[in-house]
Structures are given as structure tokens and as C-alpha cells.
Amino acid sequence: MPHLIEVWNDTVDSRHLTGGIAISVGIAVTAFLVADHLFAAADQTELGHSYALLIGILGCILGAVITGLLFKPKRVITTSTADTRSRQEIIDEIVEEYGDLGDPRELPEAVQNEVRTLGLFDALLDNHRSHADDGNGTRKSDDQQ
């Protein structure tokens with residue numbers, strides 16, 4: 001059974017995390033120390049330390065690449081079933097919660113085009129017509145239309 005922990009909002013196997021850190025640190029520190037020794041032998045102390053640090057950073061990147069190749073992601077992606085309710089039922093639920101959505105024909109042209117692209121324009125228009133005022137300030141029910 002894997003030992004899973006959460007790190008930065010991601011679930012990881014703690015053994016793989018420890019192995020990855022060990023690999024990256026091992027490569028980076030070794031690269032830095034070897035480069036620092038080689039540059040110190042060349043009598044370039046100040047500039048040599050900077051280059052050694054750069055090589056150590058490249059060692060970190062190499063360690064990350066090796067770790068990525070050794071420890072593949074273990075995510076299992078599942079998809080939930082789609083909501084089987086009709087668009088009209090969902091729009092009615094939204095109207096019940098937030099109030100009338102208004103006439104979609106009054107929206108700016110760009111918004112109308114986007115709503116049409118989503119395939120919602122006709123459903124919103126039907127909803128508006130079914131909830132339109134009957135002249136007395138009261139709403140028409142479906143049997144009054």
C-alpha cells in the first residue's frame with residue numbers, strides 16, 4: 001500500500017518524494033562541489049564560485065528530469081456522469097434561485113453570439129417567453145399562454 005501524503009495540493013507517494021529529493025540533491029551538490037574544486041584549481045575563486053553555483057543549478061534540473069523519468073504520475077482521473085436534467089429544468093432552477101433572466105434578445109450582439117454558440121439562446125428565449133408578464137404585472141403560467 002503506497003504511503004500517500006499531500007504536498008502543495010498534490011498527492012504524492014512519500015517514498016518517491018524522498019527518492020526524488022535524494023537524487024536531485026545528490027546530483028546538484030556533487031556537481032557544485034566538483035565544479036567548485038575544478039574552478040578553484042584554475043585560480044578563479046570569485047568567478048569560479050559563480051560558475052560552480054550555475055553548474056549546481058543545472059544539476060538540480062538534471063535531477064528533476066531523472067526523477068520525472070523514474071517516478072511516473074500515479075493519478076487516476078475519473079469522470080462523473082453528466083447531469084441528465086434538461087436545459088429547461090436547469091434554467092428554471094436558476095430562475096427560481098436568482099430571479100428572471102430577462103430577454104436574451106436584449107443582450108449585446110457579442111454576448112448573443114456566444115450564447116448561440118453554446119446552444120442556449122433558444123432555451124433562454126423560451127424561458128423568457130414562459131415567464132413574460134401578462135400586462136398586469138403577474139407572470140403567465142404555461143397553461144395561460
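Restricting attention to segment 34-45, and to residues there that are assigned to a helix (DSSP H, G or I) and among the hydrophobic types (A, V, I, L, M, F, W, C), which single residue is surrounded by the fewest Cβ atoms within 10 Å (Cβ to Cβ)?
It comes out as Ala41.
Kindly establish whether Ala31 is modelled with pLDDT of 85 or more, in contact with a helix residue (DSSP H, G or I) (Cβ under 6 Å, 6 or more places away or on another chain), farther than 19 Å from Leu70 by Cβ and open to solvent by less than 70 Å² (accessible area, probe 1.4 Å).
Taking the combined requirement at face value, the residue does not satisfy it.
Restricting to segment 92-119, give me the number of residues that are part of a helix (DSSP H, G or I), surrounded by 11 or more Cβ atoms within 10 Å (Cβ to Cβ), among the charged types (D, E, K, R) and modelled with pLDDT of 85 or more.
2
Regarding Phe71, is this residue over 31 Å from the mean Cα position of the chain (by Cα) and modelled with pLDDT of 80 or more?
So Phe71 fails the test.
Just the residues that are out of contact with any helix residue (DSSP H, G or I) (no Cβ under 6 Å at 6 or more places or on another chain) and either surrounded by 15 or more Cβ atoms within 10 Å (Cβ to Cβ) or among the hydrophobic types (A, V, I, L, M, F, W, C) (or both), please, taken from segment 1-28.
Met1, Leu4, Val7, Trp8, Val12, Asp13, His16, Leu17, Ile21, Ala22, Val25 - these are the residues of segment 1-28 that are out of contact with any helix residue (DSSP H, G or I) (no Cβ under 6 Å at 6 or more places or on another chain) and either surrounded by 15 or more Cβ atoms within 10 Å (Cβ to Cβ) or among the hydrophobic types (A, V, I, L, M, F, W, C) (or both).
Is at least one residue of segment 60-71 touching a residue at least 40 places away in the same chain (Cβ under 8 Å), within 29 Å of Glu6 (Cβ to Cβ) and not in a helix (DSSP H, G or I)?
Yes.
Touching a Phe, Trp or Tyr at 6+ places or on another chain (Cβ under 6 Å) and either in a loop (DSSP other than H, G, I, E, B) or not charged (D, E, K, R) (or both): does that describe Gly48?
Criteria met by Gly48.
The values are calculated or read from the model by the stated rules, or taken from the named source; none is laboratory data. Computed from a prediction, not measured in an experiment: that's the story for all the values here. Here the Cβ is made from the backbone with ideal geometry for all residues, glycine too, and neighbour counts use every protein chain on show. When the accessible area is computed, the model is the full protein with side chains, heavy atoms only, and any ligands, DNA or RNA have been set aside. Shrake-Rupley method; radii C 1.70, N 1.55, O 1.52, S 1.80 Å.
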